[in-house]
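The values are calculated or read from the model by the stated rules, or taken from the named source; none is laboratory data. Here the structure is a predicted model, which means the values were calculated and not measured. So basically every Cβ, Gly included, is an ideal-geometry build from the backbone, and we count neighbours across all protein chains shown. For the accessible areas, the whole protein counts, side chains as well, though only heavy atoms, and no ligand, DNA or RNA atoms are used. Shrake-Rupley method; radii C 1.70, N 1.55, O 1.52, S 1.80 Å.
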Amino acid sequence: MRLNLDIADLKALARRRVPKMFFDYADSGAWTESTYRANEEDFARIKLRQRVLVDMTNRSLQSTMIGETVSMPVGLAPTGSTGMQHADGEMLAAQAAEEFGVPFTLSTMSICSIEDVASVTRKPFWFQLYVMRDRDFVLGLIDRAKAAKCSALVLTVDLQILGQRHKDVRNGLSAPPKLTLKNILDMAMRPRWCAGMLRTERRTFRNIVGHAKNVGDLASLSSWTNEQFDPQLSWKDVAWIKERWGGKLILKGILDVEDARMAADTGAEAIIVSNHGGRQLDGAPSTISVLPDIARAVGDRIEVHFDGGIRSGQDVLKALCLGAKGTYIGRPFLYGLGALGKPGVKLALDIIRKELDITLALCGKRDIRDVGPDMIHRGPAMD
Ligand code: GLV
């Protein structure tokens, strides 16, 4: 059997084990997917400075994100339908993150509910909020996250309407999948996935079902978003959400310096520089290309976090050098989950931890809190 040595290995195994519509859901960008590709490609263009003959002993990856100690500054990003990559996916990923000592962020559009995840974890996790037109439902979600003792609310600001992902349309994405001949044949080829799904009762969006009134076509994420998400959400809404929540707030989906300044004015704890994994505005720049300017503009006023395109520890280090205090992985942990369940999420984190640790040493540093732009090679590739 092939060893799983990097995130690409986990991706290949997940492709075999997860039904096509859910693997594709994770592995898609909007329209031409140019921004999805740019997130990864732009990382590859950035080169690190190799330094030699420096003491490499006693290295540390420990840091903090919004004041919470993390064993490395790499959290699990909120991802929709995670419980369709593997049965009970959000509960397993949250446990893996807890055991690893990094934050787990539960998506509003998760299969396992806030209460499901709280029932299998001991440390507080973070909750990602989408704002629906039904404000009672939103207030209820915020209160449920408080009751579950979530320690941060991550408000996503870049998805009030959905960028089209062609693969989801072609695959007829829904949770649970419709029992068409094509889907039945596809699932029949993934016996482990089916066995897990038959053992669990968690097969639809449990943060929503039974909590929101007039739930329409929830099985289809795109029609639910069109019907329910509030396209009028504005900076003013951030204030009442912050007030109602009363705890640490993170604004996810900032890609522009002007927006970063407005976000810093809200008094939130952190922003996440993000283009939603290239799933929203196709044609937007990669996140790593905008990070330095955003960090320069607001880094002294608000903690700057980063996601998009991280596939290795080297990528994490590049983002930290260019101004991020914390980073997130989405697809890499989903591939681990789809491939091997909870041990796969831990493996994805461990692969990234080992790469980050050795790369830090080869750059001549011992403490992850001690990295900066001077570690980036300023050669022709950066012009
Ligand atoms: C939901 O957040 C998605 O990007 O599909």
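Going by the structure shown, is Pro332 closer than 27 Å to Lys354 by Cβ, assigned to a helix (DSSP H, G or I) and within 16 Å of the ligand (Cβ to nearest atom)?
For Pro332, the condition - closer than 27 Å to Lys354 by Cβ, assigned to a helix (DSSP H, G or I) and within 16 Å of the ligand (Cβ to nearest atom) - is met.
Within the stretch 45-88, how many residues are away from the ligand (no atom under 16 Å from the Cβ), assigned to a loop (DSSP other than H, G, I, E, B) and not acidic (Asp, Glu)?
Total satisfying the criteria: 21.
Could you tell me which of the residues Ala339, Ala348, Ala260, Ala297 is farther than 20 Å from Glu68 by Cβ, within 17 Å of the chain's Cα centre (by Cα) and part of a helix (DSSP H, G or I)?
Checking each option against the conditions leaves just Ala348.
Of all residues in the stretch 177-229, count the ones that are touching a residue at least 60 places away in the same chain (Cβ under 8 Å), open to solvent by less than 30 Å² (accessible area, probe 1.4 Å), closer than 23 Å to Asp27 by Cβ and small (Gly, Ala, Ser).
Number of matching residues: 1.
Any residue that is aliphatic (A, V, I, L, M), open to solvent by less than 10 Å² (accessible area, probe 1.4 Å) and touching a strand residue (DSSP E or B) at 6+ places or on another chain (Cβ under 9 Å) - is there at least one of those in the stretch 116-125?
Yes, because at least one residue in the stretch 116-125 is aliphatic (A, V, I, L, M), open to solvent by less than 10 Å² (accessible area, probe 1.4 Å) and touching a strand residue (DSSP E or B) at 6+ places or on another chain (Cβ under 9 Å).
Can you pull out the residues in the stretch 334-362 that are in contact with a strand residue (DSSP E or B) (Cβ under 9 Å, 6 or more places away or on another chain), crowded, with 21+ Cβ neighbours inside 10 Å and within 22 Å of Asn58 (Cα to Cα)?
Leu349, Ile352, Leu356, Leu360
Of all residues in the stretch 89-111, which are in a loop (DSSP other than H, G, I, E, B), over 21 Å from Ala195 (Cα atoms) and either within 11 Å of the ligand (Cβ to nearest atom) or out of contact with any Phe, Trp or Tyr (no Cβ under 6 Å at 6 or more places or on another chain) (or both)?
Gly101, Val102, Ser107, Thr108, Met109 - these are the residues of the stretch 89-111 that are in a loop (DSSP other than H, G, I, E, B), over 21 Å from Ala195 (Cα atoms) and either within 11 Å of the ligand (Cβ to nearest atom) or out of contact with any Phe, Trp or Tyr (no Cβ under 6 Å at 6 or more places or on another chain) (or both).
Which pairs turn up if I take residues in the stretch 266-282 that are open to solvent by 30 Å² or more (accessible area, probe 1.4 Å) and look for partners that are charged (D, E, K, R) and within 16 Å of the ligand (Cβ to nearest atom) with beta carbon separation below 8 Å, at least 6 apart in sequence or on another chain?
Leu281/Asp158; Asp282/Glu33
Out of the residues in the stretch 153-176 meeting the condition of being open to solvent by less than 50 Å² (accessible area, probe 1.4 Å) and touching a Pro at 6+ places or on another chain (Cβ under 7 Å), tell me which one is nearest to Thr35 (Cα to Cα).
Only one residue tops the list, namely Gln160.
Mind checking whether some residue in the stretch 262-272 is closer than 15 Å to Ala77 by Cα, among the charged types (D, E, K, R) and in contact with a strand residue (DSSP E or B) (Cβ under 7 Å, 6 or more places away or on another chain)?
no
Having 1 or more residues that are among the β-branched types (Val, Ile, Thr) is the bar; report the helices (runs of 4 or more DSSP H) wholly within the stretch 158-223 that clear it.
Result: 166-171, 181-188.
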